[in-house]
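Student: Starting off with a structure, shown below.
Readers should treat all values here as calculations from the given coordinates under stated rules, not as data from a laboratory. Just so it is clear, the structure is predicted and the values come from calculations on it, not from any experiment. Positions of Cβ are backbone-derived with ideal geometry, glycine not excepted, and every protein chain shown enters the neighbour counts.
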Amino acid sequence: MSLLETTAITKTFGANRAVDAVDFTVRAGELLALIGSNGAGKTTLVNLISGLLRADEGTIRFSGKDITRQTVNQRIRAGIARSFQLVNLFDHLSAFDNVALTIFARQGKTRSLTTLAGRDQAVADESMSILKEFGLAPKAPTLAGGLSQGERKLLDVAIAYALRPTLLFLDEPTSGVSTREKAPIMDVVTSIVRSGNITAVVIEHDMDIVFRYSDRIVAMHQGAILADGTPDEIRRNEQVTTTLIGTGETA
Amino acid sequence: MTELALASPRVWSGRRVVIGALAVGALAVIPAVASPFQTITICYGLVFAIAALGFNLLLGYTGLLSFGHSAYFGTGAYVVALLVKYLGVASMELFVLAGILGSIAVAALFGVVCVRYTRIFFGILTLALSQVLWSLALKLFWVTGGSDGLRVPTPTLLGGLGGPGADKVEFIAHRYYYYVLILFLVATAAMWVIVSSPFGKALQAIRDNETRAEFVGVQVWKYRWIAFVISGAFTGLAGALWVPLNGLTTPDILYWPFSGRIVFFTVLGGFRTFVGPIVGAIAYNYLETYAVGFTVYWQLVLGIVLVLLVLTMPTGLVGTAIQIFERVRRARRP
């Protein structure tokens, strides 16, 4: 069953059709990898679905509802969350505060001016619990700006996860971290996503990561979908291997 | 890099409580131990501190640098003066209420325009709008008294319980000082609750990363507007308290250099700490008072101080004091 469905979604920047009439589907419960070379339109597609950009044409349906014209806030309330390619944190707040603030926002408590944030034990407990899941509990008091790149990537995902989304977009969760750190990060992320019954879409360039962790792969090229299939199907897809992977090698 | 600000009970740490209690105690005994001149100088400082607290909700907590806070200070002052002129009101409580409501109205209106923008665009818009009010105060002289301004007599406090009496200096240096002190403490406590609330944390998130704040569900534009209005209300309260102290309001209080003074208070004390703007406002008021008495080129002195401050103490007086304290504490550790 489709959780998300875009129909002929299009975005142009000047003469460049960054996303060109794309029909993209995400099924409930899967971990889908979105691959493609730089400029293929992956991040633009996620920006359109998450509401960062407005589509020029086409429709986006989520859980059966048309969300094409909805605001970012409405999409978050509907259950769509995302992390960012370039880590987007609140650098002058602690790791704990980054997560706690997200929980306050999710619960609609950020409207409160007369209660002390530090007195909300339920939010504090949930924040620590999420940080523990991501292995960041020891870093709870550290300002986000002072974390290592790997920790920042994890915190970025933890913030999105704290929204308790139905559909989570992870934009290059392992970019900018050392090869040694990539697998542990993906192990943590995929374990949490699967145990939380979250549908996830991961944009990733590292093919080892893609083939190892995803249930299905969608390959994009020049704003359009080039191929869609299981990791084995994509591995055998000659068009993908020549266009995206370059030499016909798949892993 | 190890501050746990949001959910830690350390926000009420013993040291902070002791320092706060000592500061309040010192402020409470000033009329008894200091000359009326010193008490009145502190009284001005407390009034400016309320304005700086309001201003810093935007600068320090929301990341918006306003160059137009004279608008809300001046609105508070002029609303009081107009109440006196047209309605003959003498009650300080009504002055305070009307000053706050007037500045809320102006800030709510200006905020709709300003908070859609950030950085230099926000600063320029706030500056331009404040100059509209200054121009109105200057040109509508039959209402505002033009450049002569409007006089405000000594008010009655607490429904007449604290009347002005014959000696204005004695009134200002004692009863009015305590009145201002209590409102300053209430304003400080209210601002502390606001910045420590989930709303206050959302403002800090907007300051740090507007895009991410939106993607965790914070309605950036709306929250900025609310912060803008609250900031205006605090500054308007300060204006309402200032005008009986000064006895007169003129368009100068709406002119852009006064907005610059509010920025100066905050930068001097340090906008990255809660108490920085308070310390900065009181320190600036002393600095200006003595610089004016010392030389006719007092603006030059203040300018040099500001340049030196930015170059040598970018975190302000309080920020620098905290850094020194932390260094000493680290050095003492075995």
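Student: If you take the square roots of the eigenvalues of the alpha-carbon gyration tensor of the protein assembly as shown and sort them as a ≥ b ≥ c, do you get rounded (a/c under 1.5), prolate (a/b over b/c) or oblate?
Tutor: prolate
Student: Still on this structure: Shape call for region B:199-331 from the C-alpha gyration tensor, a ≥ b ≥ c root eigenvalues: rounded (a/c under 1.5), prolate (a/b greater than b/c) or oblate?
Tutor: Because a/c hits 1.5 or more and a/b fails to exceed b/c, region B:199-331 counts as oblate.
Student: Would you tell me the mean number of C-beta atoms belonging to other protein chains that fall within 10 Å of each C-beta in A:117-124, as a whole number?
Tutor: Across the residues of A:117-124, the mean count of other-chain Cβ atoms within 10 Å is 5.
Student: Whole-Hz Karplus ³J(HN,Hα) for region B:202-207, in order, using 6.51 cos²θ - 1.76 cosθ + 1.60 and θ = phi - 60°, x for Gly and Pro?
Tutor: 5, 4, 5, 5, 4, 4
Student: Compute the relative contact order of region B:32-255 as a whole-number percentage, counting only Cα pairs closer than 8 Å that sit 6 or more residues apart in sequence.
Tutor: Relative contact order here is 44 percent.
Student: Separate question: For a test of understanding, tell me how many lysine pairs in region A:2-245 have Cα atoms under 18 Å apart, given they are 8 or more places apart or on different chains.
Tutor: Final tally of qualifying lysine pairs is 4.
Student: In region B:32-255, with Lys and Arg counted as +1 and Asp and Glu as -1 at Cβ, which of these residues, B:250, B:131, B:39, has the Cα nearest the positive end of the dipole, that is, farthest along it?
Tutor: B:131
Student: Convert each backbone phi in region A:234-242 into a coupling constant with the Karplus relation 6.51 cos²θ - 1.76 cosθ + 1.60 (shift: θ = phi - 60°), then list the ³J(HN,Hα) values in order as whole Hz, x for Gly and Pro.
Tutor: 5, 4, 8, 6, 5, 4, 5, 5, 7
Student: About the Cα centre of chain A, how large is the charge dipole given +1 on each Lys and Arg Cβ and -1 on each Asp and Glu Cβ? Please answer in debye to the nearest 20.
Tutor: 780 debye
Student: Only counting other Cβ atoms within 10 Å, I'd like B:86, B:178, A:213, B:72 sorted with the fewest neighbours first.
Tutor: Result, fewest neighbours first: B:86, B:178, A:213, B:72.
Student: Averaged across A:102-108, how many Cβ atoms of other chains sit within 10 Å of each residue's Cβ atom?
Tutor: The shielding value for this peptide is 5.
Student: While we're here: Cβ neighbours within 10 Å, averaged per peptide: list B:262-273, A:83-94, A:59-70 in order, most packed at the top.
Tutor: B:262-273, A:83-94, A:59-70
Student: What is the average number of partner chain Cβ atoms found within 10 Å of a Cβ in B:186-193?
Tutor: Shielding by partners across B:186-193 averages 1.
Student: Still on this structure, I have one more. Taking only Cα atoms, what is the 0 to 90° angle, nearest 10, from helix A:121-133's long axis to the longest principal axis of chain A?
Tutor: 40 degrees
Student: Same structure again: Could you sort the peptides A:21-30, B:205-214, B:60-69 by per-residue average Cβ neighbour count (10 Å cutoff), highest mean leading?
Tutor: Packing order, densest peptide first, comes out as B:60-69, B:205-214, A:21-30.
Student: List the residues whose amide H sits under 5 Å from the amide H of residue A:35, counting only those 5 or more places along or on another chain, with H placed 1.01 Å from N in the peptide plane.
Tutor: Residues meeting the criterion, in which the H sits 1.01 Å from N, are A:218, A:219, A:220.
Student: Here is a follow-up. With charges only on Cβ, +1 for K and R and -1 for D and E, what is the dipole size of chain B about its Cα centre, in debye, rounded to 20?
Tutor: 940 debye
Student: For the charge dipole of the protein assembly as shown, defined by +1 on Lys and Arg C-beta atoms and -1 on Asp and Glu C-beta atoms about the Cα centroid, which residue among A:10, B:98, A:104 has the Cα displaced farthest towards the positive pole?
Tutor: Working it through, the farthest residue towards the positive pole turns out to be B:98.
Student: While we're here: What percent does the relative contact order of chain A come to when contacts are Cα pairs within less than 8 Å and at least six residues apart?
Tutor: 26 percent
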